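J.: Encoded as structure tokens, here's the structure I'll be asking about.
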Amino acid sequence: MQNLFNFILRYHFVLLFLALEITSITLIVSTNQEKERVLLSSANDVSGYFYSHFNFITEYLSLVEMNEALSKENAQYRNSFVSAYKSNIVLKQEIIDNEYEQQYYYISARVINNSINRLHNYITLDKGKKAGIEVGMAVVTGDGIVGVVRDVSENYASVISLLNTKLGVSVKLKKNGYFGSASWSGTDYSSLSVKEIPNHVPIIIGDTIITSGYSTIFPEGILVGTINKFDQEQGSNFYNISVKLSTNFKTLSYVYVIGDLLKTERNELETVEE
């Protein structure tokens, strides 16, 4: 109590001034409707400014959760694609159960680490064995291919990036089906090299390159990129083709890990054939 008295005694002139100011403003506003309207309008502008900025901040902070939810929703949507299924139609009518049998399924994951400036680049995902991710699964985005799962723990997965000179992918020209091998040269993060396509095949700048489906990793038809330049390989009958990647590795955020329900069966069959 003594401290309160000391405070009032010390600042009584300031407190008196503030009290008189408040009283004057109240009297002016209460007796003048125009000034009251202006004052209220100004107060609304100020409060509106702060509310709008506060709302922007809260919306920004919720974007991470929204993106993750959208990614999971997209994965469920992709699981319903016809391309995620293989045809189960056969000539023997008596063994037809369903027209299609699911072959591929999609698991959404978030990129938590990524590199693009090394010869051997890797990506870390926030999902692992618990989510059903296994070594050898394909990793893609809505824009195109990303890489292949190299290792998994209970909660994380390490991915060999497409920007890794050790990784090769079987690809083909979308317009005519001629296939070749794609790999990264180790320089430009936005382009890939494609070889083994014969130089008698008609190609032009802008032709689309997709996955061939010849491996048990990537399903057929996933976008890789478009041809941005090409020439004839010296002393051979094949092209040197540069492909502009459809995936932007500098902005990777959410990806899909693709599982193949028939992979083991195919691998066992092809191993026997070898």
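J.: Relative to the present Cα-Cα distance, how much length would full extension add between residue 270 and residue 253 at 0.36 nm per residue of separation?
T.: Details: separation 17, 0.36 × 17 = 6.12 nm, distance 3.54 nm.
The residue 270-residue 253 span can extend by a further 2.6 nm.
J.: In addition: For region 108-236, report the translational diffusion coefficient in µm²/s to the nearest whole number, using Stokes-Einstein at 4 °C, 1.567 mPa s, and a Kirkwood Rh over Cα pairs.
T.: D, rounded to a whole number, is 84 µm²/s.
J.: Ok, one more. Within region 142-177, which residues have the backbone N less than 15 Å from the label spot 7 Å out from residue 190 along Cα→beta-carbon, could you tell me?
T.: Answer for this model: none.
J.: Let me check I've understood the local charge: for residue 190, count other residues with C-beta under 15 angstrom from its C-beta, Lys and Arg +1, Asp and Glu -1. What total comes out?
T.: Every neighbour counted, the sum reads +1.
J.: Could you give me the ³J(HN,Hα) list for region 136-146, computed from phi with Karplus coefficients 6.51, -1.76, 1.60 and θ = phi - 60°, whole Hz, x at Gly and Pro?
T.: Computed from phi, the couplings for region 136-146 are x, 6, 7, 10, 9, 10, x, 8, x, 6, 10 Hz.
J.: Right, next: From the phi angles alone, apply the Karplus equation (6.51, -1.76, 1.60; θ = phi - 60°) to region 207-220 and give each ³J(HN,Hα) in whole Hz, x where the residue is Gly or Pro.
T.: Rounded to whole hertz, the list is 4, 8, 10, 10, 5, 7, x, 7, 10, 8, 9, 9, x, 5.
J.: Which FRET efficiency value, to the nearest 0.05, do you get for residue 200 and residue 229 by plugging their Cβ-Cβ distance into 1/(1 + (r/R0)^6) with R0 = 22 Å?
T.: Working: r = 19 Å, r/R0 = 0.85.
With a Förster radius of 22 Å, E is 0.70.
J.: Going by amide H atoms built from the backbone, whose H comes under 5 Å of the H on residue 133, apart from near neighbours?
T.: Sorted by chain and number, the residues that satisfy this are 128.
J.: Something else about it: Label points 7 Å out from Cα along the Cβ direction at residue 116 and residue 262: separation in nm?
T.: Placing both labels 7 Å beyond Cα along the Cβ direction yields 3.6 nm.
J.: Can I ask one more? Measure up 129/229; 130/244; 130/174; 127/229; 172/250; 229/263 against 32 Å on the Cα-Cα distance and list the ones that go over.
T.: Too far apart for the 32 Å limit: 129/229; 130/244; 130/174; 127/229; 229/263.
J.: Name the residues whose placed amide hydrogens come within less than 5 Å of the amide hydrogen of residue 191, ignoring near sequence neighbours (fewer than 5 apart) on the same chain.
T.: 245
J.: Here's a follow-up. Tell me, 266, 150 in order of fewest to most beta-carbon neighbours within 10 Å? Please report the intermediate quantities before stating the final value.
T.: Working: 266 12, 150 17.
Listed from fewest to most nearby Cβ atoms, that is 266, 150.
J.: Please compute the modelled spin-label separation between residue 208 and residue 165, points set 7 Å along Cα→Cβ, answer in nm with one decimal.
T.: 3.2
Every read-out reported here was derived from the displayed coordinates using simple, explicitly stated rules and does not represent laboratory data. Quick caveat, the model's predicted, so the values are computed rather than measured. Glycine also receives a Cβ, built like all others from the backbone with ideal geometry; neighbour counts cover every protein chain displayed.
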